[in-house]
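Report on the structure given below.
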Amino acid sequence: MDDNDSLQLLLDGLTIEEKRNIASELRLAACVQRAMLPNRKICYQGWQSDFLYLPAGLVGGDCCDLFGIRNRFFFMIGDVSGKGLGASLLAGHLQATFRGLAEAGLALHLIAEKTNQIFYENTSGNHFATLVAGCANHNGTADLINAGHLPVLHIRDSEVRMEESTGPPVGLFRDARFQIRHLSLKHGESLLICTDGVTEACNAANHEYGIHRLMGTAFRHRTSSPVKLLEECKSDISSFIKSKPQTDDITLLSILHQP
């Protein structure tokens with residue numbers, strides 16, 4: 001008997017009242033998770049931002065954050081392995097760890113290394129998460145770490161460039177190191193980051209949406225604000241999958257340099 005069979009037997013043996021209590025606890029967890037999301041449409045030190053967060057269920061294993069500290073604009077998006085309540089707890093842990101270390105004033109590579117160590121130690125190396133973390137400055141420069149995540153899309157006037165992974169996922173190796181990628185964004189250029197719930201979204205023919213379709217959408221709307229860009233991305237994803245149910249969490253984050 002596998003874990004799923006055991007879980008189903010457990011659920012089948014619950015009373016109606018016990019099932020109601022579990023549903024109530026899940027709704028509470030969903031409220032807590034939503035409360036941890038950052039404010040939308042943040043403008044800070046010459047940067048505009050917005051995000052889209054659509055969990056596949058009541059709670060999800062994705063997380064994202066946006067905040068300013070000491071003239072630096074921090075952004076992060078993470079995707080924890082697994083689904084459900086356990087993944088949502090780990091996602092909240094990952095987000096809180098990153099923010100706490102950023103508020104302590106650490107350099108970005110140290111934030112990533114410490115986040116990795118804490119995540120590894122608290123999960124005994126049995127879970128991992130992909131992560132993009134960065135900090136942007138008022139002059140348009142941005143430092144970026146990509147820990148096993150999908151490419152970050154750098155949206156420019158003439159092209160959309162993929163910024164690939166610079167290190168392993170968080171939680172796989174206790175002493176992992178993460179290379180920083182230095183970017184320079186001109187006025188009107190932006191970064192678009194997504195989780196694999198976007199690229200792996202399938203239509204009725206089981207074709208995946210894919211990173212290249214997202215790049216096409218981003219390029220067509222390269223002069224749009226973060227709010228408008230994410231609206232167009234959401235619309236295109238919905239048009240692609242049509243009536244196919246969402247099976248994974250969808251998170252998108254956009255930051256635009258517009259001093």
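Coordinate-derived values only; no laboratory data. All figures in this text were calculated on a predicted structure; none of them were measured in a lab. Using ideal geometry, Cβ is built from the backbone for each residue, glycine included, and neighbour counts are taken over all protein chains shown.
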### Query
How many nm separate the modelled label positions at GLN246 and MET162, each set 7 Å beyond the Cα in the direction of the Cβ?
2.5 nm
### Query
So what is the calculated 222 nm ellipticity per residue for the chain, using -39500 (n - 2.57) for each DSSP H run with n of 4 or more, over all residues, to the nearest 500 deg cm²/dmol?
-12000 deg cm²/dmol
### Query
For the chain, the longest stretch holding no GluC sites (Glu not before Pro) located in a DSSP loop with at most 12 other Cβ atoms within 10 Å is which?
1-158
### Lysine pair number, Cα distance threshold 29 Å (strictly under), the chain, separation 8 or more or different chains
18
#### Entry: Debye log10 I(q)/I(0) at q = 0.14, 0.29 Å⁻¹ for the range 220-259, Cα point scatterers
-0.38, -1.06
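Where the only charges are on Cβ atoms (+1 Lys, Arg; -1 Asp, Glu), what is the dipole of the chain about its Cα centre, to the nearest 20 debye?
960 debye
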### Task
Using DSSP to define loop residues, name the trypsin sites (Lys or Arg not before Pro) in the range 168-259 whose beta-carbon has at most 14 other beta-carbon atoms within 10 Å.
ARG174, ARG177, LYS186, LYS242
### Query
Got a sec? Charge dipole of the chain, +1 on Cβ for Lys and Arg, -1 for Asp and Glu; which of THR115, ILE69, ALA205 is way out at the positive end?
ILE69
### Task
Put one equal scatterer on each alpha carbon of the chain, apply the Debye formula with no solvent term, and list log10 I(q)/I(0) at q = 0.09, 0.10, 0.12, 0.14 1/Å to two decimals.
-0.41, -0.50, -0.72, -0.96
### Query
How long is the gain from ALA104 to SER184 if the chain were fully straight, where each residue apart is worth 0.36 nm and the alpha carbon distance is subtracted?
26.3 nm
